[in-house]
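Report on the structure given below.
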Amino acid sequence: MFQASILSIELLLLVTLMTTLSGGLLTWSLRDSSNLLSVLVGTPLVFSSLIYSFVFLSFFDAYGFYGLRSLFGLSLILSLNLTPYMFFSLRLGLKSFGESLEESLALSNISFFKKLMIYSKFLFPFWAVGFGFLSLEILSEFGASFLFGQETLSVFVYNLWLEQYNLAKAVSGFIVLLSFVLILFVLSLYFQKEKDLSSQRRNKESKEKVRCLFPLLYILTGVLFPVGFLTFLSLGSWQTFKVSTLYSSFSLAFCVSAFIFVLFVGLNKGEIFPKKSYLKLPGVFYGVPGVLIGMLFYFLGFKVGFLSLILALSLKYYKFLVDYVFSSWNVISDSSKLSRNLIDTYSKKVYLDFKVSFSFLIISFAMIFIEVLKELPISLMIKPVQMQTLTTEIFSLVSEGDWELAAPYAIIVFVFGFLALIINQVFLNISDNERLS
């Protein structure tokens, strides 16, 4: 367990360093760019780390290069997959500066190093937000580490739990992994600061074409290559595709979204308008690794089955809905909130709540859909034996080395995940226009 802990820490440090560098370069390169490039840069989040791993491993294995199966190789793949977390956080921080600070730094005669220090000072809280998401993802990461043969804490607990049936050691791993999560969660909260997210957007066109090189390289490596290679691998494998996996994944995503909405409305006493901060409390499960949630359900006496899986995933991704609903009402003026409270008819209140929160609800459902589509460890531990989702089918096939047979499932995950990402961006633009009007 000590070696697994050290390995997890080393992986976290390497991925943090790589994503900070790549996220910083992308932020600098795209600071004046349109939303389209930002969507493309965020596309790697549609892929799970499992899909990324089997794409690059199968490609390099085909040419006899096995050096990628190392801690450094795993760090590279995870950095490619998770860089958007750091990019979006740093980009938000850069936008909050406003044009005045950037222009004053550009016109000043101070050295590049001093400018970098000033930027670092102002961007640090936003970097901490990105690091918070990143660290929880790394500690929760399972699929890529499993394929690379790197026994991180999540893989260590999973192996003890499901393969060796060693409950005592699995519990000790559970405690260590949960301790890491709590420490990193507290640190990320400590360094984060409230920022005004309604800063004006800048639409001026960049004249420095050289800045497009790194984003294009990242999109080529992180999006176009995986999609192209998966398409090539899948050419002769579509006849083996099991439609039941698609049905299972879609029905699971729909049920989880519906249950999360019902849970939120129930906790909020039948309304969408958020009243109390305790509504955010179940959102803490988002930071808990899926392996630990699976073990927790076992300790609580939940039986393996579809309903237990819905409940577990709902707790895991509840945070998306509650955060977006709170955001939808944070941009509403106090006078509008007061007018809403003066409405004495319940149906009119519900109608107003839906009208205000509709775009944000769609965004949250799109995010939940993407996450459920690519989720792995909870599904492996809690799903019914006869049920296979898209991601669990991918895991089963790539574990046996059937790269070509797994490719169609990975393409389906990408296609529908990308559509959900586009829906997310469309309704995000709609919410911005409504707010500005």
Quick calc: nm separation of the 7 Å Cα→Cβ label points for V262 and L21 -> 4.9 nm
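Which ordering of D353, D61 is given by a fewest-first count of other beta-carbon atoms within 10 Å? If you can, show how the numbers build up before the last one.
Numbers: D353 21, D61 15.
Starting with the residue having the fewest Cβ neighbours, the order is D61, D353.
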All alpha-carbon distances of the stretch 234-437, grouped into 5 Å bins from 0, give the whole-percent distribution 1, 7, 14, 17, 16, 14, 11, 8, 6, 4, 1, 1, 0
Once K280 and Q386 are pulled to full extension, the length gained, defined as 0.36 nm per residue separation minus their Cα-Cα distance, is 34.7 nm
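Starting from 0.36 nm per residue, how many nanometres of slack lie between F124 and Y346 once their C-alpha separation is accounted for?
The F124-Y346 span can extend by a further 75.5 nm.
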Per-residue Cβ contact counts at 10 Å, fewest first, order R91, R69 as R69, R91
The answer for the net charge of residues other than Y85 whose Cβ lies under 12 angstrom from its Cβ, with Lys and Arg +1 and Asp and Glu -1, is 0
In nanometres, the difference between 0.36 nm per residue of separation and the alpha-carbon distance of V39 and Q3 is 9.2 nm
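Above 21 angstrom, tally the Cα pairs of the stretch 220-323 and express them as a % of all pairs, no decimals.
On the way: 2899 of 5356 pairs.
Distances greater than 21 Å cover 54 percent of the Cα pairs.
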For F254, F414, ascending order of other Cβ atoms within 10 Å (fewest first) is F254, F414
Computed about the Cα centre, the charge dipole of the stretch 234-437 from +1 Lys/Arg and -1 Asp/Glu charges at the Cβ has a magnitude in debye, to the nearest 20, of 780 debye
Two pseudo-spin positions, 7 Å from Cα along C-beta at Y247 and at D323, lie apart in nanometres by 3.4 nm
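A short reminder: the numbers here are calculations on the coordinates, not readings from a lab. No experiment lies behind these values; they were computed from the predicted model shown. Backbone-built Cβ (ideal geometry, glycine too); neighbour counts: all protein chains shown.
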